[in-house]
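Working notes, beginning with the structure itself.
What follows is calculated from the coordinates using simple rules that are stated; it is not laboratory data. These numbers were taken from a predicted model, which means no experiment stands behind them. FYI the Cβ positions are ideal-geometry reconstructions off the backbone, even for glycines, and counts take in every protein chain you see.
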Amino acid sequence: MSVALKSSKPRLTLFQIINMSVGFFGIQFAFGLQNANVSRIFQTLGAKIEEIPILWIAAPLTGLIIQPIIGHMSDKTWMGKLGRRRPYFMAGAIFASLALFVFPSVTALWMAAVMLWLLDASINISMEPFRAFVGDMLPDSQRTTGFAMQSFFIGVGAVISSLLPFLLTELGVANEAAPGVIPDSVRISFIIGAVIYMLAISYTVFTTKEYSPDELKSFGEIEDTNHTVNIKTPAASFSKKGMLWFVLGALLTAGLYFYNTSAENKLEKELYVLTGGITAFGLFQLLAWLLQKKKISNGFVEVMDDLNFLPDTMKKLAVVQFFSWFALFAMWIYTTPALAQHIAGTTDTTSKAYNEMGNWVGVLFAWYNGFAALFAFLLPVLAKKFSRPGAHMIALIAGGAGLISFYLFKDENLLIISMAGVGLAWCSILAMPYSMLTKALPANKMGVYMGIFNFFIVIPQILAATLLGIFTKHIFNGNAIMTIVLGGCSMILAAVLTLRIKDK
């Protein structure tokens, strides 16, 4: 292929698109095991129901920190035959596989919390470059197909991983254990997941060749491989914003501290995560100001600068993502305890009824992911008929209705109907925003902007981890099913907000 003249990025065959997407099967296998079983592990090791969200905060915090860093680094990386995205696929796979092996053997709650941090950080190292990978490898006309194929493998991986404890139990593996011990059905599922993760990522790495920097230049996508930094934000702007956010965060933190030292009805300690996050963001802005003032331009300053110049489409999609992922996080955290209370009538984590419901939640999660895999083929058709924002709005309304219907069904089998709506929403959330976004992003910043876009996925998760426990305990009086309903309302609000997005 000649690189002397500007040329069009070639269309890939369906088989090539499948090869570059198989790795997501392994990534979602790990996420599926995590989402369906970690709340169960936490409660088995002694966590109270209102403590679960703050323990889950590892997932969004690691994403918030890791993804923009990995995105920025992968934009600047080229490692010969391995390329620029694939080295991160492999590094993440190795660490995540090790974490999956160790996680189900922990014996204390704090150890489980640490392992969740390590597992989620490792998964994020693999996952973040996969979104930019589609932008790198496919022309715009094939990107919806590329993201839909990722949704397909995400669905298939999550179906199998969510069903694993249930299937192993049916095969005679113990699903109950002594208090404080994780059942063998969960432990063996995680070990199987470690092997599958490594195999799936390796398949994509060794069957897909990335375009070289010269080839990307020939497509008009000139990559900044020399680490040239062009900062557009004035130093005074970093200083002003930094002081504003820092002072606000410090005042809120101090106010929360003094209130809790004197008030009889203390506010939840989880609120410190919010106030501390605001303070930290201010400090990051001030650090960028200090580095720029000293004429030190590096990746950190560049990422902070990029935050100030988000494309308009990205800003509008960010709000939709915010309320969509708040809903998903509510579902992932609370489905097991909510259904155990609402349908099985128990909160005893050592009881047969609770553990059977925990397995059934795995089955339900398999259903919604299975629906998502099937809807992956429907999504391009809906987008063509109703536009991409229109198709996304339909999917989010279906998902919100599905979550709200949890409250209405007293028979756990009827919840499969609810999962159809959730599956359509999940499929669209994984594909449609990225399909709309990639066209609005500069090619040489695809990785870092995909990482920044992840902020608007993880910030609502941090809010959910901070606030859902408070809502469940104080507003819903421990009735976790109402937390699921709240999530459904959030997803419908996200659907309404898609009306602000124009299809380009």
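Expressed as a fraction of 2.2 N^0.38 Å, the rule-of-thumb size for a compact globular protein of N residues, what is the C-alpha radius of gyration of the range 70-114? Before the final figure, lay out each step's value.
On the way: Rg = 15.0 Å, N = 45, 2.2 N^0.38 = 9.3 Å.
That works out to 1.60 for the range 70-114.
Which trypsin sites (Lys or Arg not before Pro) in the range 349-455 sit in a loop by DSSP (not H, G, I, E or B) and have at most 15 other Cβ atoms within 10 Å of their own Cβ?
On the way: sites: LYS352, LYS384, LYS385, LYS410, LYS439, LYS445; in loops: LYS410, LYS439.
Sparse-neighbourhood loop trypsin sites (Lys or Arg not before Pro): LYS410, LYS439.
Most exposed first by the Cβ proxy, i.e. fewest other Cβ within 10 Å, how do ILE481, ILE192 rank? It would help to have the intermediate numbers written out before the result.
Working: ILE481 19, ILE192 16.
Taking fewest neighbouring Cβ atoms as first place, the list is ILE192, ILE481.
Between the alpha-carbon centers of the range 349-392 and the range 31-79, tell me the distance in whole angstrom.
Value for the Cα centre distance between the two parts: 20 Å.
Could you point to the residue in ALA108, PRO183, ILE231 farthest towards the positive end of the chain's charge dipole, with +1 and -1 charges on the Cβ of Lys/Arg and Asp/Glu respectively?
Toward the positive end, the furthest listed residue is ILE231.
What is the spread of the Cα atoms of the range 235-305 along each of their three principal axes, largest first, in whole Å?
Principal-axis extents of the Cα atoms in the range 235-305, largest first: 50, 18, 13 Å.
Could you grab the relative contact order for the range 1-142? Cα pairs under 8 Å, six or more apart, rounded to a whole percent.
Working: 109 pairs, mean separation 49.6, N = 142.
It rounds to 35 percent for the range 1-142.
Take the Cα of ASN444, step 7 Å along the line toward its Cβ, and report every residue of the range 233-257 whose backbone nitrogen sits under 17 Å from that point.
233
What ranking, highest mean first, results for peptides 232-241, 366-375 when packing means the other Cβ atoms within 10 Å averaged over each residue?
Numbers: 232-241: 15.9, 366-375: 23.9.
Most protected by this proxy first, the peptides run 366-375, 232-241.
Just subtract the alpha-carbon distance of LEU248 and ASP348 from 0.36 nm times their residue separation and send over the number in nm, one decimal.
Contour length minus the Cα-Cα distance gives 31.8 nm.
Taking other Cβ within 10 Å of each residue's Cβ, how do MET331, MET73 sort, fewest first? Working shown, then result.
Values: MET331 25, MET73 19.
Ascending number of Cβ neighbours within 10 Å: MET73, MET331.
Provide, in order from the shortest bin, the percent of all Cα-Cα pairs of the chain in each 10 Å bin, continuing until the bin that contains the maximum pair distance.
4, 19, 30, 27, 15, 4, 1, 0
Could you give the length gained by full extension between SER237 and ALA108, i.e. 0.36 nm per residue of separation minus their alpha carbon distance, to one decimal place? Mind showing how you got there, number by number?
Numbers: separation 129, 0.36 × 129 = 46.44 nm, distance 4.59 nm.
The SER237-ALA108 span can extend by a further 41.8 nm.
Can you work out the FRET efficiency for the pair LEU171 and TYR259, with r the C-beta to C-beta distance and R0 = 35 Å, to the nearest 0.05? Show your work: numbers first, answer last.
On the way: r = 54 Å, r/R0 = 1.53.
In this case the efficiency is close to 0.05.
Below 8 Å, C-alpha to C-alpha, sequence gap of six or more: please give me the relative contact order for the chain in percent. Show your work: numbers first, answer last.
Numbers: 873 pairs, mean separation 133.2, N = 504.
In percent, rounded to a whole number, it is 26.
FRET efficiency for ILE470 and LYS295, Cβ-Cβ distance as r, R0 = 45 Å, nearest 0.05? Walk me through the intermediate numbers first.
Working: r = 45 Å, r/R0 = 1.00.
Calculated value: 0.50.
As a check on your grasp of the helix formula, calculate [θ] at 222 nm for the chain: sum -39500 (n - 2.57) over DSSP H runs of n ≥ 4, divide by the residue count, round to the nearest 500. Don't jump to the answer; show the numbers that get you there.
Details: 19 runs with 365 residues, N = 504.
Counting only the DSSP helices, I get -25000 deg cm²/dmol.
For the range 333-445, take the alpha-carbon Rg, divide it by the Kirkwood Rh, and send me Rg/Rh.
Details: Rg = 17.0 Å, Rh = 15.4 Å.
Ratio of gyration radius to Kirkwood radius for the range 333-445: 1.11.
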